[in-house]
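This report concerns only the one structure given below.
Please treat every number below as a calculation from the coordinates, not as lab data. Only a predicted model underlies this, so the values are computations on that prediction, with no experimental measurement involved. When we count neighbours, we look across all protein chains shown, and the Cβ atoms used for this are built from the backbone with ideal geometry, even at glycine.
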Amino acid sequence: MDELTSFGLFAVTAMLVCYALETRSRWYILGFAGACVLASIYGFLQGAWPFGLVEAIWALVALRRWHARVGATR
């Protein structure tokens, strides 16, 4: 397994873990957004730009959800 594949595996695993734990804390939503950014970078580096683009959009959606949840807890 090369470094790029390992990076992609890490990014997608982090997405899965953070998504599964989102109901426990708003910080997992932020972690999910960060993992989506990493997955997006992986997609673009691999040459799979549709994957990279979709993951970037997911990161924006997750950031919006995190921001809404932060506002709701104040």
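Laid out as a table, the results:
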read-out	value
Failed condition for GLY8, given (1) part of a helix (DSSP H, G or I); (2) of a type outside the set (A, V, I, L, M, F, W, C); (3) out of contact with any Gly (no Cβ under 9 Å at 6 or more places or on another chain)	(3)
Residue among VAL61, VAL70 that alone is β-branched (Val, Ile, Thr) and over 13 Å from the mean Cα position of the chain (by Cα)	VAL70
Residues (crowded, with 18+ Cβ neighbours inside 10 Å and outside any helix (DSSP H, G or I)) located in region 18-74	GLU22
